[in-house]
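The structure under discussion appears below in the form of structure tokens.
The values are calculated or read from the model by the stated rules, or taken from the named source; none is laboratory data. Given the structure is predicted, the values throughout are model-derived calculations rather than measurements. Note that we place each Cβ from the backbone using ideal geometry, even for glycine, and neighbour counts take in every protein chain shown. In case anyone asks, the SASA skips ligands and DNA or RNA and just uses the protein heavy atoms, side chains included. Shrake-Rupley method; radii C 1.70, N 1.55, O 1.52, S 1.80 Å.
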Amino acid sequence: GVGMGMTAPVSITAFPAEDGSFQQKVKVSLRIPSQFQDSPPCPTDESIKIEERQGMTIYSTQFGGYAKEADYVSHAAKLKAALGSDAAYRKDSYLCNGYDPPMKPYGRRNEVWFVKE
């Protein structure tokens, strides 16, 4: 019953298939606003979980526009190519982040993150 508004970034954990496309399973994460972090409201929907994301080191690339799955897949492939075979990062998933509300038409920011191992 508590309205918290939308936060940024909206983070989608993608689990890539062999061809690089998203599998059916994705995980959407929203940041809990600062005023609720010490004592977040308890979700009433069993599919919603509160998780604490530990600090991490990432490899990242940024791009603009209204991001679709194909954009994230394309930029993930470019990041993978730029890193080459020497970089150690999680291969089973990566994060797709959007920072802007839908009504912002220009100057949009999206990122793909690979989590360093």
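Cross-linked pairs 49/104; 25/78; 80/104; 49/78: Cα-Cα separations exceed 27 Å for 49/104; 80/104; 49/78. Carbon-plus-sulfur accessible fraction, the chain (probe radius 1.4 Å, protein heavy atoms only): 52%. A crude spin-label estimate for the pair residue 115 and residue 7, with each label 7 Å from Cα along the Cβ direction, gives 1.7 nm. Both radii are taken from the alpha-carbon atoms of the chain; with Rh as the Kirkwood radius, Rg/Rh is 0.98.
Dividing the summed helix terms, -39500 (n - 2.57) for each DSSP H run of n ≥ 4, by the number of residues in the chain produces a 222 nm estimate of -4000 deg cm²/dmol to the nearest 500.
Take the chain with all the other protein chains still there, run a 1.4 Å probe, and you get 71 Å² of accessible area per residue.
Approximating the spin labels as points 7 Å out from Cα along Cα→Cβ, the residue 93-to-residue 36 distance works out to 2.1 nm.
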